[in-house]
Amino acid sequence: MHQPSIAHLASADPEIARLVEGEARRQYEKIRLIASENYVSTAVLEACGTVLTNKYSEGYPGRRYYEGQQFIDPLETLAVNRAKELFGVEHANVQPYSGSPANLAVYLAFLEPGDTVMGMSLPMGGHLTHGWSVSATGRWFRAVRYGVRRDTGRVDMDEVRELARAERPKVIFCGGTAIPRTIDFAAFAEIAQEVGAILVADIAHIAGLIAGGAHPSPVGHAPVISTTTHKTLRGPRGAMIMSDAAHAAAIDKAVFPGLQGGPHNHTTAAIAVALREAATQGFRDYAHAVVTNAAALAEALAERGFDLVSGGTDNHLILIDLTSKGIGGKPAAQALDRAGIELNYNTVPFDQRKPFDPSGLRLGTAAVTTRGMGAAEMRQIASWIDQAVKAAGDGDEAVLAQIASEVRELTAAFPMPGWA
Ligand SMILES: *Cc1c(COP(=O)(O)O)cnc(C)c1O
């Protein structure tokens, strides 16, 4: 059953309640390997479901446009201070509705339409909002894109430097959605400094690892840092923009009134709760275990003949290139879902197939680590992935169903916050 209880919802709107219960059970019974997902704590869930959703608070603590902020002001201030302390930054804005609006606020703060921005190409592992063509950021700004080296699968810092020197971007984004390796913030900072660009570290995926000391921090290298709060950081869906003091005013003005109206106070509360959790030893242990688990899973997959982009992982994320297995990413991901293992198909660098039917699978270990799984489970998961990918190739549904029942048995041994 969903926890906290949704008894009132069940009597008021059984149709929606059934779907919520169904989703809760699905999350409980599956091995969730989507690299951007996690399980938030019951405390975070409770904060999300509070009367704070009733309140409008346009502006910032002490400078609001509506009355009645006696409890919201200290609450947002707590969230801001916790973010500043946890990441060691001079400024934090906790109001962006999600990662994409947070990045759009960064553009609004530091660029004019048509200005040049540099980011990692989407099919190489970047994010839509780093100037990809279909995104507003690619349509309204002049985007130039770097990638990874063909031989190493790692960001090509020589290309980044050459491109930056030639194109003189005003803003350089580092970070992305499918980067299995440590981001060299210092190297990016040196290049940004040389060309007079503002370096923005988008740590959406790795914020929890950074907070937990399991990935180097961009602080001191990137004056502006954007992040979601719901990936490895294990908070509610939301985002933050952190910065040094010099860039603070422009960011605040861009978020409100530049881009957004009232902040989602229930989300702000849940972010504050997650940030407090992230400052604990337990969270540090989790962050390191996420990385250890990813390494164990990568090793077990490589032993079974899976090609991993860049040869492995330094963080929570693994990118498999299925080309040598003779199956596309999409049919493999769909078969794995039927086998109780949830992940997403993904392009791999230099993909020969189309974006809707690419060659790769992307996996992450944050959610399974939150459930308490360790090295033994990672080996078991690799074995199931291997069997399921073979079964997908053979069209053997019975094997997939068998794995799904074994998966349910395993997950039943690992408690899920949000389920009782
Ligand atoms: C997830 C992600 C975002 C966008 O976050 P949303 O909350 O989905 O809008 C931005 N940048 C990076 C690098 C991401 O991984």
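Of all the numbered requirements in (1) buried (at least 24 other Cβ atoms within 10 Å of the Cβ); (2) within 14 Å of the ligand (Cβ to nearest atom); (3) under 23 Å from Gln95 (Cα atoms), Ile179 misses one, and that requirement is (3). Applying the set (1) within 16 Å of the ligand (Cβ to nearest atom); (2) surrounded by fewer than 16 Cβ atoms within 10 Å (Cβ to Cβ) to Ile271 leaves exactly one unmet item: (2). When the residues of region 95-117 are filtered to those that are touching a helix residue (DSSP H, G or I) at 6+ places or on another chain (Cβ under 6 Å) and outside any helix (DSSP H, G or I), the one that is surrounded by the fewest Cβ atoms within 10 Å (Cβ to Cβ) is Pro113.
Checked against the criterion of being surrounded by 15 or more Cβ atoms within 10 Å (Cβ to Cβ) and touching a strand residue (DSSP E or B) at 6+ places or on another chain (Cβ under 7 Å), region 47-65 contains one or more residues that satisfy it. Might you check whether a residue that is within 16 Å of the ligand (Cβ to nearest atom) and either among the aliphatic types (A, V, I, L, M) or in contact with an Asp or Glu (Cβ under 7 Å, 6 or more places away or on another chain) (or both) occurs anywhere in region 81-97? Taking every residue of region 81-97 in turn, at least one turns out to be within 16 Å of the ligand (Cβ to nearest atom) and either among the aliphatic types (A, V, I, L, M) or in contact with an Asp or Glu (Cβ under 7 Å, 6 or more places away or on another chain) (or both). Of the helices (runs of 4 or more DSSP H) lying entirely inside region 1-91, those containing at least 3 residues that are free of Cβ contacts under 8 Å to residues at least 24 places away in the same chain and within 30 Å of Ser405 (Cα to Cα) are 14-29.
Are any residues in region 258-287 of a type in the set (S, T, N, Q) and under 28 Å from Tyr56 (Cβ atoms), and if so, which ones? Gln260, Asn265, Thr267, Thr268 - these are the residues of region 258-287 that are of a type in the set (S, T, N, Q) and under 28 Å from Tyr56 (Cβ atoms). Within region 188-204, restricting attention to residues that are within 16 Å of the ligand (Cβ to nearest atom) and hydrophobic (A, V, I, L, M, F, W, C), the residue that is surrounded by the fewest Cβ atoms within 10 Å (Cβ to Cβ) is Leu199. Looking at this structure, is Pro169 out of contact with any Lys or Arg (no Cβ under 7 Å at 6 or more places or on another chain) and more than 30 Å from Ile320 (Cβ to Cβ)? For Pro169, the condition - out of contact with any Lys or Arg (no Cβ under 7 Å at 6 or more places or on another chain) and more than 30 Å from Ile320 (Cβ to Cβ) - is met.
Residues of region 335-360 that are in contact with a strand residue (DSSP E or B) (Cβ under 8 Å, 6 or more places away or on another chain) and under 25 Å from Arg408 (Cα atoms): Leu336, Gly340, Ile341, Glu342, Leu343, Asn344, Tyr345. The residue pairs whose first member lies in region 297-318 and is within 20 Å of Gly176 (Cβ to Cβ), whose second member is of a type in the set (Asp, Glu) and surrounded by fewer than 21 Cβ atoms within 10 Å (Cβ to Cβ), and whose beta carbons are closer than 9 Å, counting only pairs six or more residues apart or on different chains, are Gly312/Glu299.
The single condition from (1) surrounded by fewer than 22 Cβ atoms within 10 Å (Cβ to Cβ); (2) under 20 Å from Ala254 (Cα atoms); (3) not hydrophobic (A, V, I, L, M, F, W, C) that Ser133 fails is (2).
Restricting attention to region 216-235 and to residues that are away from the ligand (no atom under 11 Å from the Cβ) and more than 19 Å from Val290 (Cβ to Cβ), the residue that is surrounded by the fewest Cβ atoms within 10 Å (Cβ to Cβ) turns out to be Gly220.
Determine, yes or no, whether Gln281 is over 18 Å from the mean Cα position of the chain (by Cα), farther than 15 Å from Val94 by Cβ and either within 16 Å of the ligand (Cβ to nearest atom) or polar (S, T, N, Q) (or both). Yes.
Scanning region 271-303 for residues that are part of a helix (DSSP H, G or I) and among the polar types (S, T, N, Q) gives Gln281, Thr292, Asn293. Checking every residue in region 321-332 against the condition of being out of contact with any Asp or Glu (no Cβ under 6 Å at 6 or more places or on another chain), in a strand (DSSP E or B), surrounded by 20 or more Cβ atoms within 10 Å (Cβ to Cβ) and touching a residue at least 24 places away in the same chain (Cβ under 8 Å) gives zero matches.
Within region 213-235, residues that are farther than 16 Å from Lys84 by Cβ have Cβ atoms under 9 Å from residues that are away from the ligand (no atom under 12 Å from the Cβ) and at pLDDT below 95 in no pair, counting only partners at least 6 apart in sequence or on another chain. Among the residues of region 114-135, the ones that are more than 12 Å from the ligand (Cβ to nearest atom) and hydrophobic (A, V, I, L, M, F, W, C) come to 4 in all. Against the test of being hydroxyl-bearing (Ser, Thr, Tyr) and over 26 Å from the mean Cα position of the chain (by Cα), the options Ser359, Ser405 yield a single qualifying residue, Ser405. Sub-8 Å Cβ pairs linking a first residue in region 388-405 that is within 19 Å of Phe306 (Cβ to Cβ) to a second residue that is exposed (fewer than 15 other Cβ atoms within 10 Å of the Cβ), at least 6 apart or interchain, are Ala391/Glu397; Ala392/Gln334; Gly393/Gly326, ordered by first then second residue.
The values are calculated or read from the model by the stated rules, or taken from the named source; none is laboratory data. Note that the structure is a prediction, hence the values are computed from the model and not measured. Positions of Cβ are generated from backbone atoms using ideal geometry, with glycine treated the same way; all protein chains shown enter the neighbour counts.
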